[in-house]
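Asker: I'd like to ask some things about the structure below.
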Amino acid sequence: MKILAIDTSNKPLSVAVMDNDQLLAQTTLTTHRKHAEFLMPVIEDLVKKADLTPTDLDRVVVADGPGSYTGIRMAVTAAKTIANTLGIELVTVSSLLNLALNVQRADVLINPIFDGRNQNMFTGLYRWNHGTIETVIEDQHISLGKWLPAISDYEQPILIIGDTASFEDDMRNVLHSRLLTANPLMGIPSAALLGQYGLAKSPVEDVDAVVPRYLRLTKAEADWKKLHPNEDTHNYVEKV
Amino acid sequence: MNLVARDLVLSFETSCDETSVAVIENGNKILSNIVATQIKSHQRFGGVVPEVASRHHIEQITGCIEDALRDADVTYDDLTSVAVTYGPGLVGALLIGVTAAKAVAWAHNLPLVPVNHLAGHIYAARLVEPIEFPAMALVVSGGHTELVYMPEEDKFEIIGETRDDAAGEAYDKIGRVLGINYPAGKPVDELAHQGKDTFKFPRAMDSDDNFDFSFSGLKSAFINTVHHADQIHEELSREDLAASFQQAVVDVLADKTQRALKEFPVKQLILAGGVAANKGLRERLTKEIASFKDTKLELVPLSLCGDNAAMIGAAGEMLYRHGARADATLNADPGLEFEWLADEAK
Ligand SMILES: [Zn+2]
């Protein structure tokens, strides 16, 4: 099975082309945020360098969020359009889980973090169990103040990766020696690991329905929901 | 298989609050034109919220592609090119169409043609009748008010534009004062037809020696009039308010257009853009054009005045013939503009 894997959830861009779990080609860039300009050229280049054509692909695996709104939009739009237009499978994977895949050890709880600004984070808690990664706490958008009590009672050490800089000191004050940090390179997503993980996952049933995992309403919608708590928010778009 | 090869463009438009995909044959025949509108969603907020618009485009985009191909009864193998709006517009909204179009072009090895949204509005006229050059276009929409001179089919030169609010924007703002939710163009137009121009609002820049427009003064005069009446508890006729506002807008648009036609004689005047659906404006230009014996008025049909991908396909086919191409690096350009007419060309 030929797989195209894409992660542009935050500043880094990572794309891989795989043949089952064998990596054929991968590019990871961290120098810019120009995913709109770079994503399709990188895909084009890697598929060519892997000696394939688009129609050889069997599956697209995408990190669908959370992350920067523009970043996850680029990846999801490209991934769902490629899957739809080629009539191939699409697998969606949490961007936080994809980062957790960088830590392949069973003796810690893995806590990937994306900065949500103003002491808020997009985060979740993961662990390896007999070679399979498991969710311990679901991905969410949460303030540091609320996240800390949620993770402070586990006995295992907690390894933080990703945008840890603005949270590390406060976390250490609570977790003390149970807080572990990692080589910063582990905070950069790998599309190859994403593709490998996506190989075993079942594809989505409805490609058209796939949207990014924002985990946060827009401000306009959140304000509106407060005023209209019982309103059905579906069917706001009509074909005319 | 057809004996005569058909030129088939798959076109994308996502610059604001409509997700649209179309298939256009030979640049002038609509085989399909799918439009998914988000108006109902943005009405919750009284106007388009860019982040919400972008999210809706992602929900809709692949479904619209499928519908467009199915309605046109064509497959990817039949297509000649892919065309997409890359500006002007909301950046987060444009990017969805641009990314999807790039993905389709790459997957099926099709040339990609970048299209200016306003060129699309103008080329909607072509879906009814061939455009004859030189031509002039008055493009009026929620975001734009421009006079565009076209010496040849692929040359677009701005000769005048709004200095502040677009005409459609002014409609939405005074609509709010009248208690009309966005988009206010049509309801205000209907109200105006039941009233009279009793308030005589200012016609800004109408006598200036250029082709530029301004609507913010008119908008302020309107709002001040209503607020003043509120303060002294006087009830004003909504019909007359709407009629007076519309008359001022139409006067300025028609006068400037007329002056432009005198300086740039053309074979065709095209009225395009969302506000081109305005009945008052259509009636007035129809009357004015009678004095220009060599100029034909082309009113874009109501169904194609709003944002749609058919118009992008119509412009895209023309641009494709003239060699316009984009590669996979194509980015959205929210502030994209036509060039101003060079002075020596006058
Ligand atoms: Zn428009």
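The values are calculated or read from the model by the stated rules, or taken from the named source; none is laboratory data. Everything numeric here is computed off the predicted structure, so don't read it as measured data. As a convention, Cβ positions derive from the backbone with ideal geometry for all residues, glycine included, and neighbour counts pool all protein chains shown.
Asker: Check region B:146-158 and report whether any residue there is touching a helix residue (DSSP H, G or I) at 6+ places or on another chain (Cβ under 7 Å) and either assigned to a helix (DSSP H, G or I) or among the hydroxyl-bearing types (Ser, Thr, Tyr) (or both).
Answerer: no
Asker: Is it fair to say A:VAL237 is among the hydrophobic types (A, V, I, L, M, F, W, C), crowded, with 16+ Cβ neighbours inside 10 Å and at the interface with chain B (Cβ under 9 Å from one of its Cβ atoms)?
Answerer: When the stated conditions are applied, A:VAL237 passes them.
Asker: Residue by residue through region A:184-240, note down the ones that are among the charged types (D, E, K, R) and not in a helix (DSSP H, G or I).
Answerer: Hits for region A:184-240 are A:LYS201, A:GLU205, A:ASP206, A:ARG213, A:ARG216, A:GLU231, A:ASP232, A:GLU238, A:LYS239.
Asker: Then there's this: For region A:150-202, what are the residues that are touching a residue at least 24 places away in the same chain (Cβ under 8 Å) and of a type in the set (Val, Ile, Thr)?
Answerer: A:ILE151, A:ILE158, A:ILE160, A:ILE161, A:THR164, A:VAL174, A:ILE188 - these are the residues of region A:150-202 that are touching a residue at least 24 places away in the same chain (Cβ under 8 Å) and of a type in the set (Val, Ile, Thr).
Asker: Within region B:274-286, identify whether any single residue is of a type in the set (A, V, I, L, M) and either within 18 Å of B:PRO134 (Cα to Cα) or without any contact (Cβ under 8 Å) to a residue 12 or more places away in the chain (or both), and answer yes or no.
Answerer: The answer is no; no qualifying residue exists.
Asker: Residues being within 14 Å of the ligand (Cβ to nearest atom) and among the hydroxyl-bearing types (Ser, Thr, Tyr): count how many of those fall in region B:136-161.
Answerer: Total meeting the criteria: 2.
Asker: State whether the residues of region B:23-32 include one that is buried (at least 24 other Cβ atoms within 10 Å of the Cβ), touching a residue at least 60 places away in the same chain (Cβ under 8 Å), more than 11 Å from every other protein chain (Cβ to nearest Cβ) and away from the ligand (no atom under 16 Å from the Cβ).
Answerer: Scanning region B:23-32 turns up at least one residue that is buried (at least 24 other Cβ atoms within 10 Å of the Cβ), touching a residue at least 60 places away in the same chain (Cβ under 8 Å), more than 11 Å from every other protein chain (Cβ to nearest Cβ) and away from the ligand (no atom under 16 Å from the Cβ).
Asker: What pairs can you find where one residue is in region B:101-128 and closer than 23 Å to B:GLN60 by Cβ, the other is within 16 Å of the ligand (Cβ to nearest atom) and among the polar types (S, T, N, Q), and their Cβ atoms are less than 7 Å apart, with a gap of 6+ or different chains?
Answerer: Partner pairs satisfying both residue conditions: B:VAL115/B:THR85; B:HIS117/B:SER15; B:HIS117/B:THR85; B:GLY120/B:THR85; B:HIS121/B:SER141.
Asker: Just one of the numbered conditions (1) within 17 Å of the chain's Cα centre (by Cα); (2) closer than 14 Å to B:ALA83 by Cβ; (3) within 14 Å of another protein chain (Cβ to nearest Cβ) is not true of B:THR19; which one?
Answerer: Every listed condition holds for B:THR19 apart from (2).
Asker: Could you say whether any residue in region B:168-184 is within 16 Å of the ligand (Cβ to nearest atom), within 24 Å of B:VAL84 (Cα to Cα) and either free of Cβ contacts under 8 Å to residues at least 40 places away in the same chain or not assigned by TED's automatic domain parsing to the domain that holds B:ASP17 (or both)?
Answerer: yes
Asker: Continuing with the same structure: Can you name the residue in region A:58-89 that is small (Gly, Ala, Ser) and crowded, with 24+ Cβ neighbours inside 10 Å and is also nearest to the other protein chains (Cβ to nearest Cβ) among such residues?
Answerer: Looking at residues that are small (Gly, Ala, Ser) and crowded, with 24+ Cβ neighbours inside 10 Å, I get A:ALA78.
Asker: Say we look at region B:90-105 and pick out the residues that are surrounded by fewer than 24 Cβ atoms within 10 Å (Cβ to Cβ) and over 15 Å from A:VAL76 (Cβ atoms); which of these is nearest to the other protein chains (Cβ to nearest Cβ)?
Answerer: B:VAL91
Asker: Residue check, B:GLU234 against (1) within 19 Å of the chain's Cα centre (by Cα); (2) part of a loop (DSSP other than H, G, I, E, B), all met but one. Which one?
Answerer: Among (1) within 19 Å of the chain's Cα centre (by Cα); (2) part of a loop (DSSP other than H, G, I, E, B), B:GLU234 violates only (1).
Asker: Something else about it: So for region B:64-83 (the condition being within 16 Å of the ligand (Cβ to nearest atom), in the same structural domain as B:ALA107 (by TED's automatic domain parsing) and either outside any helix (DSSP H, G or I) or out of contact with any strand residue (DSSP E or B) (no Cβ under 9 Å at 6 or more places or on another chain) (or both)), does at least one residue qualify?
Answerer: Yes, some residue in region B:64-83 is within 16 Å of the ligand (Cβ to nearest atom), in the same structural domain as B:ALA107 (by TED's automatic domain parsing) and either outside any helix (DSSP H, G or I) or out of contact with any strand residue (DSSP E or B) (no Cβ under 9 Å at 6 or more places or on another chain) (or both).
Asker: Still on this structure, please answer the following. Hey, can you tell me all the residues within region A:104-133 that are within 16 Å of A:GLY195 (Cα to Cα) and either β-branched (Val, Ile, Thr) or buried (at least 24 other Cβ atoms within 10 Å of the Cβ) (or both)?
Answerer: Correct list: A:THR132, A:ILE133.
Asker: Take B:LEU112 and tell me if it is within 11 Å of the ligand (Cβ to nearest atom), outside the structural domain of B:LYS186 (by TED's automatic domain parsing) and aliphatic (A, V, I, L, M).
Answerer: no
Asker: Among the residues of region B:33-65, write down those that are more than 7 Å from chain A (Cβ to nearest Cβ), surrounded by fewer than 21 Cβ atoms within 10 Å (Cβ to Cβ) and modelled with pLDDT of 95 or more.
Answerer: B:PRO50 - this is the single residue of region B:33-65 that is more than 7 Å from chain A (Cβ to nearest Cβ), surrounded by fewer than 21 Cβ atoms within 10 Å (Cβ to Cβ) and modelled with pLDDT of 95 or more.
Asker: Looking for whichever is in a loop (DSSP other than H, G, I, E, B), aliphatic (A, V, I, L, M) and assigned by TED's automatic domain parsing to the domain that holds A:ASP206 here; the options are A:LEU90, A:LEU46, A:LEU52, A:LEU23. Which one fits?
Answerer: That would be A:LEU52, the only listed residue that is in a loop (DSSP other than H, G, I, E, B), aliphatic (A, V, I, L, M) and assigned by TED's automatic domain parsing to the domain that holds A:ASP206.
Asker: In region B:7-16, which residue that is more than 14 Å from chain A (Cβ to nearest Cβ) and either within 16 Å of the ligand (Cβ to nearest atom) or under 19 Å from B:LYS40 (Cβ atoms) (or both) is farthest from the chain's Cα centre (by Cα)?
Answerer: B:SER11
Asker: OK, next. How about region A:159-183: which of its residues are of a type in the set (S, T, N, Q) and part of a strand (DSSP E or B)?
Answerer: Within region A:159-183, just A:THR181 meets the criteria.
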